[in-house]
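Only one structure is covered here, and it is reproduced in the block below.
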Amino acid sequence: MNLMYLTFQEDAPLYLGVKNKIEGQISAFEKLGYQVTCSMWQDNRFCFFGADSFQRPLDPAKRLMKQMTSIANEYIGGHPFDVLYLRLDRVSSDMIQICKTARANHVKTIAVEIPNYPYLADYMRNVKYAKTLGTKVKTAAKVAVTAADDRLSGRKLKQYVDAVVLYGNKADSFFGVKAMNGDNGINIDRIEPIPHCADTSKDIAILGVAGTLWWQGYDRILQGMSTYKKSRSDGPALKFVLVGGDKTEMPEFRALVEKLGLSEDVTFCGFKKGKELSDIYKTVDVGASSLGCYRRGLTRCSSLKAREYCAAALPFLYAYDDAKLKEDTPFALRLPNDESPVNMDRVVEFVQHCRKDPSIAKEEREFAEKNYDWKTIMKQVLEFAGASMK
């Protein structure tokens, strides 16, 4: 059986986490018996990887998305697939055309993944952050056209799509198509558990791994560290280790570090992966998952970082609803989903508790193995969409 995983994701260091997710899903589909073809764009080329590899140059002077959807439509019309799995930021008339072409070419099952739902707020915030009046007007016009295309195209979705997978806020349907709330997963075997630290007097290092910083809310950690540093002299020192960070946001983030007097307490590692990232995991005590979902209007999240922390048996912080996590989960500390600085006294107490009880790390790893493996998750998605299974 053949499966087309269609995505318009850029293959770039900034999106390493997203790429890891896509590769994990592809690996799961292959383990489930599918021969998979996947698309991505890189270096002004739209590429298809799989049994029939293919690439076509993109003209950077023209609308990239328009070029890629045209190429994808042509490719899907000329290649046989049993399943089409689309990862989309939003609905558009071009996407509807691709689904229509797929059906005409006898694709049996079409499933759509929406990675950030609801998503229109993301487009609207572009207006808020436009710097000049002229830019605001132009941006507002583009957002209006985008929203209109999404709403109008969405009405046609149920003619072609069998199921939608939503990552974000909970919903049972999407433009009349049955929907399930997706969970992010990981390849458990690729992540090695870190050694358990039992030294309660040791300083505490907090790890943040992210490309885009704005909605991760790591500035809340900095604010909390600043308050803790000023008010506590008897507790363990706090450190923050940042892996990644969009270069356009880094100046502002670094300026906040300087303003709060945390220059000696924050380490910037740049983008890391593989063994380099694993080695950093071994030097920290707690991971920070997304702490700024409220900035995108989200209350529910399925953070890939949290899954990776969990597989590594690294306790973590989060600030959103997660279907798999309970309030009393011993290896995860839930924080408010708002602008408030992180209460570092709670974080210290949480880390100390995890250090004193080595069974928590064992429980965390077993939890990840049971709940977060991509094969289990994608099997549920295919069954929900009604795809044939070997």
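Of everything in segment 86-100 that's in a helix (DSSP H, G or I) and in contact (Cβ under 8 Å) with a residue 40 or more places away in the chain, which residue is nearest to Glu10 (Cα to Cα)? Here the residue is Met95.
Quick one: count up the residues across segment 54-74 that are out of contact with any Phe, Trp or Tyr (no Cβ under 6 Å at 6 or more places or on another chain) and closer than 19 Å to Asn105 by Cα. Within segment 54-74, residues that are out of contact with any Phe, Trp or Tyr (no Cβ under 6 Å at 6 or more places or on another chain) and closer than 19 Å to Asn105 by Cα number 5. Looking only at segment 104-136, residues that are modelled with pLDDT of 70 or more, of a type in the set (Val, Ile, Thr) and either not assigned by TED's automatic domain parsing to the domain that holds Asp150 or not in a loop (DSSP other than H, G, I, E, B) (or both) come to 5 in all. For segment 275-290, the criterion of being over 22 Å from Gly17 (Cα atoms) and out of contact with any strand residue (DSSP E or B) (no Cβ under 7 Å at 6 or more places or on another chain) is met by none of the residues.
May I ask you to verify whether Ala210 is closer than 24 Å to Cys293 by Cβ and without any contact (Cβ under 8 Å) to a residue 24 or more places away in the chain? No, not satisfied. Checked against (1) under 30 Å from the mean Cα position of the chain (by Cα); (2) surrounded by fewer than 19 Cβ atoms within 10 Å (Cβ to Cβ); (3) part of a loop (DSSP other than H, G, I, E, B), Arg254 passes all but a single condition, namely (3). With respect to (1) within 27 Å of Ala306 (Cβ to Cβ); (2) touching a strand residue (DSSP E or B) at 6+ places or on another chain (Cβ under 7 Å), the lone exception for Asp189 is condition (2). Comparison of Ala72, Ala61 shows that the only residue that is at pLDDT 95 or above, in the same structural domain as Ser153 (by TED's automatic domain parsing) and either outside any helix (DSSP H, G or I) or of a type in the set (Gly, Ala, Ser) (or both) is Ala72.
Entry remark, segment 177-224: residues being within 28 Å of Lys275 (Cβ to Cβ) and in a strand (DSSP E or B) number 8 in total.
Going through segment 306-337 one residue at a time, which ones are surrounded by fewer than 23 Cβ atoms within 10 Å (Cβ to Cβ), among the basic types (Lys, Arg) and either more than 23 Å from Pro358 (Cβ to Cβ) or in contact (Cβ under 8 Å) with a residue 12 or more places away in the chain (or both)? Selection gives Lys324, Arg334. Annotation: Ser233 fulfils all but one of (1) crowded, with 18+ Cβ neighbours inside 10 Å; (2) assigned by TED's automatic domain parsing to the domain that holds Lys272; (3) among the small types (Gly, Ala, Ser); the unmet one is (1). Across segment 366-390, the qualifying residues are those that are over 18 Å from the mean Cα position of the chain (by Cα) and surrounded by 19 or more Cβ atoms within 10 Å (Cβ to Cβ), and the one among them that is farthest from Lys326 (Cα to Cα) is Ala387.
Look at segment 3-41 and say how many of its residues are under 14 Å from Met389 (Cβ atoms) and part of a strand (DSSP E or B). Summing the residues that are under 14 Å from Met389 (Cβ atoms) and part of a strand (DSSP E or B) in segment 3-41 gives 1.
The values are calculated or read from the model by the stated rules, or taken from the named source; none is laboratory data. What you see is a predicted model, and the numbers here were worked out from it, not measured in a lab. Here Cβ is always computed from backbone atoms with ideal geometry, including for glycine, and neighbour counts include all displayed protein chains.
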